[in-house]
Amino acid sequence: MQVDPYGVGQYVRVIDGIFPKQTLEKFYKICKELDFKDAYIGGGKDSKVNKEIRNTQTLCWHRYSKELTHVRWCNYFINATYDAIKKYYIPVVPQAVVSKAPQIEVLKYEEGGFYTPHVDHFAKIPRTISVIIFINDDFDGGEFEMFSPDLKESKKVKPEVGRTIIFPSNFLYPHKANLVKNGTRYAIVIWFL
């Protein structure tokens, strides 16, 4: 397990090795069989699909789903990530108060997929900590890019199987998913409140 800050700021953690590769390979096979829907932007009744801002497909799995497979995978990713936050994040930010997330979002970026710079916290959906987990790396492009608050500087994080990025969800941490040039990028995003 290593922690690599990638130069993206003191409150951003890039961690390898949280998840066994065999487990992620199993989940990757499942991802290829799932029926995804176009991802929305915004929250609540104002949500809409806008492929000029976010060309992504998504599935939301809740810890209390009727599908036991969804519950199992959801709990697995939430619990492992929550433990990683306690081990690698809270020592750096001891004032952070984080409760377990209720759900995961499985993301699918096909060739041409992207998400323009954005933040994860807003009035209708307040979030504290954002977590991205890369499921596969057999594609070109699709880097995670973290920006300075004024969008003038940025650092890219190369996707690798299991690489996990933990960062604050607030306005100081705009980020994006760069264009996937070839192949399909799968990732999980979890927001902790």
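The values are calculated or read from the model by the stated rules, or taken from the named source; none is laboratory data. Computed from a prediction, not measured in an experiment: that's the story for all the values here. Every residue, glycine among them, receives a Cβ derived from its backbone with ideal geometry; neighbour counts consider all protein chains shown.
If only residues of region 1-42 that are at negative phi and of a type in the set (Ser, Thr, Tyr) are counted, the one that is modelled with the lowest pLDDT is TYR11. Here LEU151 meets each of (1) on the phi < 0 side of the Ramachandran plot; (2) free of Cβ contacts under 8 Å to residues at least 40 places away in the same chain with one exception, condition (1). The single condition among (1) within 23 Å of PRO126 (Cα to Cα); (2) part of a loop (DSSP other than H, G, I, E, B); (3) among the basic types (Lys, Arg) that LYS86 does not meet is (2). When residues in region 70-79 are screened for being surrounded by fewer than 16 Cβ atoms within 10 Å (Cβ to Cβ) and aliphatic (A, V, I, L, M), 1 of them pass. Candidates in region 144-183 are the residues that are under 12 Å from the mean Cα position of the chain (by Cα) and in a loop (DSSP other than H, G, I, E, B); of these, the one that is surrounded by the most Cβ atoms within 10 Å (Cβ to Cβ) is PRO159.
For region 130-140, a residue qualifies if it is part of a strand (DSSP E or B) and under 16 Å from the mean Cα position of the chain (by Cα), and the qualifying residues are SER130, VAL131, ILE132, ILE133, PHE134.
Results for (1) among the polar types (S, T, N, Q); (2) closer than 19 Å to ILE53 by Cα, shown as yes or no for each residue.
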position: LYS100; (1), (2): no, no
position: GLN103; (1), (2): yes, no
position: PRO126; (1), (2): no, no
position: ASP137; (1), (2): no, no
position: VAL157; (1), (2): no, no
position: GLU160; (1), (2): no, no
position: ILE165; (1), (2): no, no
position: THR184; (1), (2): yes, yes
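The condition of being in contact (Cβ under 8 Å) with a residue 24 or more places away in the chain and either closer than 19 Å to ILE18 by Cβ or among the hydrophobic types (A, V, I, L, M, F, W, C) (or both) holds for only one of TYR89, TYR109, TYR115, TYR64, that being TYR89. The condition of being in a loop (DSSP other than H, G, I, E, B) and basic (Lys, Arg) holds for only one of LYS66, LYS29, that being LYS66.
Residue-wise test of (1) crowded, with 19+ Cβ neighbours inside 10 Å; (2) farther than 16 Å from PHE167 by Cα.
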site: GLY42; (1), (2): no, yes
site: ASP46; (1), (2): no, yes
site: GLN95; (1), (2): no, no
site: LEU107; (1), (2): yes, yes
site: GLU111; (1), (2): no, yes
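Checked against the criterion of being aromatic (Phe, Trp, Tyr) and outside any helix (DSSP H, G or I), region 91-109 contains one or more residues that satisfy it.
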